[in-house]
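J.: Before anything else, here's the structure in question.
The values are calculated or read from the model by the stated rules, or taken from the named source; none is laboratory data. Computed from a predicted model, the values in this text were never measured in an experiment. Don't worry about glycine lacking a Cβ; one is built from the backbone with ideal geometry, like all the others, and counts go over all protein chains shown. Areas reflect the complete protein model, heavy atoms only, side chains present, ligands, DNA and RNA absent. Shrake-Rupley method; radii C 1.70, N 1.55, O 1.52, S 1.80 Å.
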Amino acid sequence: MHETSSDGAAAASQGAGKAVIPVQVVAGRGPLTFLRATAALCLLQTLMQGLLAGMYMGRDVDSIDAHAANAFVYTALVIVQLVAAVLVWRQNRWLKWPLAAGVGILLTTFIQVFLGEEGSTAAHVTIGVLMCAMQTTLLLRSLMLRVQDAPAAA
């Protein structure tokens with residue numbers, strides 16, 4: 001049922017059309033900066049992979065070697081990104097999503113490499129788009145975290 005009281009109507013009209021995203025405050029500026037940097041690099045690598053794949057599909061057959069080499073660079077960066085997520089989680093045990101995202105992206109990367117080596121183009125491209133969305137989400141969510149202020153020295 002709909003809220004019909006005047007208090008409910010006023011509350012509904014004030015919050016109408018506004019998305020409320022809670023601010024999460026975390027400890028550890030270093031690990032968070034490390035996570036943000038690696039997430040940004042991983043996202044750039046994902047976009048580079050898409051560019052190289054597009055070149056290959058556009059009949060630039062030489063770009064497949066760069067695409068394959070970049071896959072190993074991306075995989076190494078994703079492992080570093082997972083280490084950064086673990087460091088953030090170690091200082092903020094209640095914050096589980098960076099660790100889950102890091103593990104999910106790493107597993108998806110392994111599946112992606114396997115599909116690429118097997119030549120399953122349709123699945124490989126689809127998973128590539130998914131990975132780009134996952135990396136974008138991880139980067140944006142990490143940028144929404146706020147670092148806890150250090151206590152004032154006495």
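J.: Which condition number does ALA122 fail, the rest of (1) surrounded by 13 or more Cβ atoms within 10 Å (Cβ to Cβ); (2) part of a helix (DSSP H, G or I); (3) at pLDDT below 95 being met?
T.: (1)
J.: How many residues, within segment 1-44, are at pLDDT below 80 and of a type in the set (S, T, N, Q)?
T.: 5
J.: Of all residues in segment 76-100 being open to solvent by less than 30 Å² (accessible area, probe 1.4 Å) and among the aliphatic types (A, V, I, L, M), which is nearest to TYR56 (Cα to Cα)?
T.: So the residue we want is VAL78.
J.: If you scan segment 134-150, which residues turn out to be surrounded by 14 or more Cβ atoms within 10 Å (Cβ to Cβ) and small (Gly, Ala, Ser)?
T.: SER142
J.: Being assigned to a helix (DSSP H, G or I) and at pLDDT below 95, is that true of even one residue in segment 73-84?
T.: The answer is no, given that none of the residues of segment 73-84 is assigned to a helix (DSSP H, G or I) and at pLDDT below 95.
J.: Still on this structure, please answer the following. Evaluate segment 104-114: report whether one residue or more is among the polar types (S, T, N, Q) and surrounded by fewer than 16 Cβ atoms within 10 Å (Cβ to Cβ).
T.: no
J.: Give me the pairs, please: first residue somewhere in segment 14-43 and on the phi > 0 side of the Ramachandran plot, second residue anywhere and open to solvent by 80 Å² or more (accessible area, probe 1.4 Å) and at pLDDT below 95, beta-carbon distance under 8 Å, and either six or more positions apart or on two chains.
T.: Note: pairs meeting the criteria are GLY28/GLN91.
J.: Which residue is surrounded by the fewest Cβ atoms within 10 Å (Cβ to Cβ), if the candidates are limited to segment 26-58 and must be more than 15 Å from MET134 (Cα to Cα) and not hydrophobic (A, V, I, L, M, F, W, C)?
T.: Across segment 26-58, the extreme among qualifying residues is GLY58.
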